[in-house]
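Asks: Quick one: structure below, then a few questions.
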Amino acid sequence: MLNVNELGPETTLVDILERNRSLDQSIIHVEGENLERRVSFKDLHARALGILYLLQAAGAQRGDKMIIFLNNNEQFLDGFWAAVCGSITPVPLAVGISEEHRQKLLRVARKLADHDHRSPIIYTDAKNLERLEALAAQVGESEFFATLKARAFLVESVTDISRPGKITRPSADDVAFIQYSSGSTSEPKGVMLTHRNLIANTQGVHSVAQFNDEDSTFSWMPLTHDMGLIGFHMMMFFSGRPTHFMPTELFVRRPLLWLQAASKLRATITCSPNFGYRHFLKVLGQRKLEDVDLSRIRLIFNGAEPISVPLCNEFMSAMAYTGLKRSAMYPVYGLAEAALAVTVPPINTDYRWIRANRHQLKVGAAVELNPEKPRDALELMCVGQVIKNTEMLIADDAHQALPTGQVGHILIRGPSVSRGYFADVPATQGAIDAAGWLDTGDLGVVHENGLYIAGRAKEIIFVNGQNYYPYDMENIAQRAPGLDLNKVVAAGIAKPGSQGEELVIFVLHRSSMQDFVPTATAVSRLINEHTGLEVAEVVPTKRIPKTTSGKVQRHLLEQAYIDGEFDADLAELGLLKAVSGGAADAAADGIEARLQSICETALPGKKIAVDDNLFEIGASSLKLIEIHESVDRDFPGLIDLTELFDYPTIAQLAKHLEDKLTKAAAPLTTATIQR
């Protein structure tokens, strides 16, 4: 185990790569249940220099920016380290599955080109380049794309890496890479992270997490995310420990493989945000994993989004039989601007939380604990204490310190913290004040020496003179049948001429208004029961706009609501509520129609007949999971994922479901009771 705290203040990533080539350790890429590829630290160094030679031969030079646009983790790391060795700045961007990811690349590439007066290198593969070219033509960017294509470097061209490139040594204060945050606008912000930032943050985390010679990590987080790249590659690589990576797409398709592989590989450290626990538990259902021992896991880093206390409790209870210790759940707080971590808890302690009055969480308010009425209580998770090399301040709107126990803006500074955003002076000046404090955009409170995150400052909903946080309302609304957090958006909207904001809930819905009536009713009832607030409208929307990294763009939905885009649907919904009261048709034809709607929603652009075989029309494994989850929400516990293979048409599956529903509703006979 290498002691990262012994690294000097001028150490760079290149120094660490060179030092580690003498270690007998590897990066292991898990591609399936019994399929893995190992890249030794020595080979990683050799491959980086070999690819650097090819980049330099193609004209790459110090100061160039290199967009890495790849799904393959192994190819990603090869290219990343090659760029670092040549003082070429890597700019990781997620490939994703939608056009929005490719549009983001074009926006980022233009910003880089405008600043440097030179097109960035695009390190990608032929298929992704082809898709980028098609999109560029579609949006009128063919001329600009031609300049990008001229500097594209395709991984397929990497055949001979026997000749090493020339290392161009950076300084500790040079930018090591640019992490583009999602943001909530069409212009993503590039967080500049220096070698000094990354090593300082790693040292801060190491001083608490106490990584040791027995540690081995396993992660499915994407390397384009700071948790994946910094937390589960750099931090462990800096300390000379082996790391295991599973492609994110593989986790999405086979979430159970995450902990099955962690057990088999005897991993001690892993990670997941809310999404991962929810997805894992949904696919697991009532089953138990066979031959899985998680007793060696000592830390499961939990961050990247507001941490759900009930979800943590559900996950830990469900996995208790595997030997997973309660103290392994490790809620943390951080952001790209901090080079990852800001606060972490002490190890070997159970996670803890408080019950705060959700009506008393505005800036400057003293947090009120354990309110008398259960519906007033909001559970906030403790995310630990500030790490070494980072300062934290809880401040009022004027950036003045607030007493312990009061809610305020979370400000940070120190050697871990970024100096700002690439080629974006207004954003940098808006985030960092004259005293060097960076405003994280989050609100929090310190209680009994622990930080608790209350929410995002810019997303506060003001209703009846009180502050509320969207994720709180969304957590409640998603309890309605058929919903989850990915399908619900809460917003406070003041229409022109109104006296204040109203609480509006947007719900992803692509079938008929008649089908939406019970959902709208359930959402309104749940929020009123649990908070005492009245929901002005529950709005069906066919699309929830998100940034390229998956963060909801609330302002677009809010503006569409104000502009009247949902008025016709809401008028129809009001009539249906008045006439039918939300009664649903459970006849066989209704089941068939519902399944058809589910399948067509999962496979946009396809008109699916009831006798079409899903496999013959291109339903991938990911789409089958999506279809099964939707069916299970409407008909809980009746259909296993494997049954989609047995009943691959809508008609067959509807008949199978009808038989199960009929059987479940049949009166008990004497023979049934005796059995």
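Asks: Considering only segment 134-164, state which residues are farther than 18 Å from Phe76 by Cα and in contact with a helix residue (DSSP H, G or I) (Cβ under 6 Å, 6 or more places away or on another chain).
Replies: Residues satisfying the conditions are Leu135, Ala136, Glu141, Ser142, Phe145, Leu148, Arg163, Pro164.
Asks: Six or more apart or on different chains, Cβ under 8 Å: which pairs go from a residue in segment 29-55 that's surrounded by 15 or more Cβ atoms within 10 Å (Cβ to Cβ) to one that's in a helix (DSSP H, G or I) and of a type in the set (D, E, K, R)? Could you list them?
Replies: Filtered contacts from segment 29-55: His29/Glu74; Val39/Arg47; Val39/Glu74; Leu44/Asp78; His45/Glu18; Arg47/Asp78; Ala48/Asp78; Ile51/Asp78.
Asks: While we're on this one: Could you list all residues from segment 364-379 that are at pLDDT below 95 and farther than 23 Å from Cys312 by Cα? Spell out how you get there, then give the answer.
Replies: Residues of segment 364-379 at pLDDT below 95: 371-379.
Listed by number, the residues that qualify are Glu372, Lys373.
Asks: Continuing with the same structure: Arg375: under 20 Å from the mean Cα position of the chain (by Cα), surrounded by fewer than 22 Cβ atoms within 10 Å (Cβ to Cβ) and at negative phi, yes or no?
Replies: On the way: under 20 Å from the mean Cα position of the chain (by Cα): no; surrounded by fewer than 22 Cβ atoms within 10 Å (Cβ to Cβ): yes; at negative phi: yes.
Against the criterion (under 20 Å from the mean Cα position of the chain (by Cα), surrounded by fewer than 22 Cβ atoms within 10 Å (Cβ to Cβ) and at negative phi), Arg375 does not qualify.
Asks: Another question, if that's okay. Mind listing whichever residues of segment 455-479 are among the small types (Gly, Ala, Ser), surrounded by 20 or more Cβ atoms within 10 Å (Cβ to Cβ) and at pLDDT below 90?
Replies: The one that is among the small types (Gly, Ala, Ser), surrounded by 20 or more Cβ atoms within 10 Å (Cβ to Cβ) and at pLDDT below 90: Gly455.
Asks: Kindly establish whether Leu193 is in contact (Cβ under 8 Å) with a residue 12 or more places away in the chain and surrounded by fewer than 22 Cβ atoms within 10 Å (Cβ to Cβ).
Replies: No, not satisfied.
Asks: Please work out if Leu259 is in contact (Cβ under 8 Å) with a residue 60 or more places away in the chain, closer than 15 Å to Leu35 by Cα and not in a strand (DSSP E or B).
Replies: It is false that Leu259 is in contact (Cβ under 8 Å) with a residue 60 or more places away in the chain, closer than 15 Å to Leu35 by Cα and not in a strand (DSSP E or B).
Asks: Let me ask another. For segment 96-132, which positions are touching a Phe, Trp or Tyr at 6+ places or on another chain (Cβ under 6 Å) and free of Cβ contacts under 8 Å to residues at least 24 places away in the same chain?
Replies: Residues satisfying the conditions do not exist here.
Asks: Can you say whether Thr217 is free of Cβ contacts under 8 Å to residues at least 60 places away in the same chain and either touching a strand residue (DSSP E or B) at 6+ places or on another chain (Cβ under 6 Å) or crowded, with 24+ Cβ neighbours inside 10 Å (or both), as far as the supplied structure shows? Steps first, answer last, please.
Replies: Details: free of Cβ contacts under 8 Å to residues at least 60 places away in the same chain: yes; either touching a strand residue (DSSP E or B) at 6+ places or on another chain (Cβ under 6 Å) or crowded, with 24+ Cβ neighbours inside 10 Å (or both): yes.
Criteria met by Thr217.
Asks: Hey, any hits in segment 300-309 for a residue that's of a type in the set (Asp, Glu), over 23 Å from Leu380 (Cα atoms) and surrounded by fewer than 23 Cβ atoms within 10 Å (Cβ to Cβ)?
Replies: no
Asks: Being in a loop (DSSP other than H, G, I, E, B) and at pLDDT below 85 is the filter here, so list the residues in segment 634-666 that pass it. Before the answer, list the steps.
Replies: First pass over segment 634-666, keeping only residues in a loop (DSSP other than H, G, I, E, B): 635-642, 647-648, 666.
If the condition is that a residue be in a loop (DSSP other than H, G, I, E, B) and at pLDDT below 85, then Phe635, Pro636, Gly637, Leu638, Ile639, Asp640, Leu641, Thr642, Pro648, Ala666 are the ones that fit.
Asks: Would you confirm, using the coordinates I've provided, whether Ile412 is within 30 Å of Leu229 (Cβ to Cβ) and not assigned by TED's automatic domain parsing to the domain that holds Gln210?
Replies: Considered against the rule, which asks whether it is within 30 Å of Leu229 (Cβ to Cβ) and not assigned by TED's automatic domain parsing to the domain that holds Gln210, Ile412 comes out as yes.
Asks: Restricting attention to segment 6-33, which residues are at pLDDT below 95 and in contact with a Lys or Arg (Cβ under 9 Å, 6 or more places away or on another chain)?
Replies: We begin by selecting, within segment 6-33, every residue at pLDDT below 95; these are 6-9, 31-33.
Passing the criteria: Pro9, Glu31, Gly32, Glu33.
Asks: Out of segment 287-310, which residues are farther than 26 Å from Ile387 by Cα and in contact (Cβ under 8 Å) with a residue 12 or more places away in the chain?
Replies: Applying the first criterion (farther than 26 Å from Ile387 by Cα) to segment 287-310 yields 287-295, 310.
Of everything in segment 287-310, those that are farther than 26 Å from Ile387 by Cα and in contact (Cβ under 8 Å) with a residue 12 or more places away in the chain turn out to be Lys288, Leu289, Asp291, Val292, Asp293, Leu294, Ser295, Pro310.
Asks: If you don't mind, there's one more thing I want to ask. Of (1) surrounded by 19 or more Cβ atoms within 10 Å (Cβ to Cβ); (2) not assigned by TED's automatic domain parsing to the domain that holds Tyr351, Ile432 satisfies all except one. Which?
Replies: (2)
Asks: Let me ask something else about it. In the set Leu533, Leu526, which member is more than 25 Å from the chain's Cα centre (by Cα), within 22 Å of Ile460 (Cα to Cα) and in a loop (DSSP other than H, G, I, E, B)?
Replies: That would be Leu533, the only listed residue that is more than 25 Å from the chain's Cα centre (by Cα), within 22 Å of Ile460 (Cα to Cα) and in a loop (DSSP other than H, G, I, E, B).
Asks: Here's another thing I want to ask about it. Mind listing just one residue for me: the one in segment 13-28 that is β-branched (Val, Ile, Thr) and in contact with a strand residue (DSSP E or B) (Cβ under 6 Å, 6 or more places away or on another chain) and, of those, surrounded by the fewest Cβ atoms within 10 Å (Cβ to Cβ)?
Replies: Looking at residues that are β-branched (Val, Ile, Thr) and in contact with a strand residue (DSSP E or B) (Cβ under 6 Å, 6 or more places away or on another chain), I get Ile28.
Asks: Taking Met392 as the residue in question, decide whether it is in contact with a Leu (Cβ under 8 Å, 6 or more places away or on another chain) and surrounded by 16 or more Cβ atoms within 10 Å (Cβ to Cβ).
Replies: In short, yes.
Asks: While we're looking at this one, here's another question. Looking at segment 220-233, is at least one residue acidic (Asp, Glu), in contact (Cβ under 8 Å) with a residue 24 or more places away in the chain and closer than 21 Å to Glu305 by Cβ? Full working, then the answer.
Replies: Step one: filter segment 220-233 for residues acidic (Asp, Glu), giving 226.
Cutting the leftovers down to in contact (Cβ under 8 Å) with a residue 24 or more places away in the chain gives us 226.
Then drop every residue that is not closer than 21 Å to Glu305 by Cβ, which leaves 226.
Yes, that holds for at least one residue.
Asks: Is it the case that Thr440 is buried (at least 16 other Cβ atoms within 10 Å of the Cβ), without any contact (Cβ under 8 Å) to a residue 24 or more places away in the chain, more than 17 Å from Leu557 (Cβ to Cβ) and assigned by TED's automatic domain parsing to the domain that holds Ala365?
Replies: Values: buried (at least 16 other Cβ atoms within 10 Å of the Cβ): yes; without any contact (Cβ under 8 Å) to a residue 24 or more places away in the chain: no; more than 17 Å from Leu557 (Cβ to Cβ): yes; assigned by TED's automatic domain parsing to the domain that holds Ala365: yes.
No.
Let's see how each residue does on (1) in a helix (DSSP H, G or I); (2) touching an Asp or Glu at 6+ places or on another chain (Cβ under 6 Å); (3) at pLDDT below 95:
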{"site": "Glu337", "(1), (2), (3)": "yes, no, no"}
{"site": "Val342", "(1), (2), (3)": "no, no, no"}
{"site": "Thr349", "(1), (2), (3)": "no, no, no"}
{"site": "Lys362", "(1), (2), (3)": "no, no, yes"}
{"site": "Met381", "(1), (2), (3)": "no, no, no"}
{"site": "Ala398", "(1), (2), (3)": "no, no, no"}
{"site": "Thr404", "(1), (2), (3)": "no, no, no"}
{"site": "Pro415", "(1), (2), (3)": "no, no, no"}
{"site": "Ser418", "(1), (2), (3)": "no, yes, no"}
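Asks: Next up: Scan segment 617-633 residue by residue and report those that are of a type in the set (Val, Ile, Thr) and at pLDDT 80 or above.
Replies: Passing the criteria: Ile627, Val631.
Asks: Among the residues of segment 117-127, is there at least one that is modelled with pLDDT of 95 or more and among the acidic types (Asp, Glu)?
Replies: Yes, segment 117-127 contains at least one residue that is modelled with pLDDT of 95 or more and among the acidic types (Asp, Glu).
Asks: Assigned by TED's automatic domain parsing to the domain that holds His244, closer than 26 Å to Gly190 by Cβ and surrounded by fewer than 20 Cβ atoms within 10 Å (Cβ to Cβ): is that true of Glu10 in this structure?
Replies: In short, yes.
The values are calculated or read from the model by the stated rules, or taken from the named source; none is laboratory data. What you see is a predicted model, and the numbers here were worked out from it, not measured in a lab. Quick reminder, even Gly has a Cβ in these numbers, built from the backbone with ideal geometry, and neighbours come from all protein chains shown.
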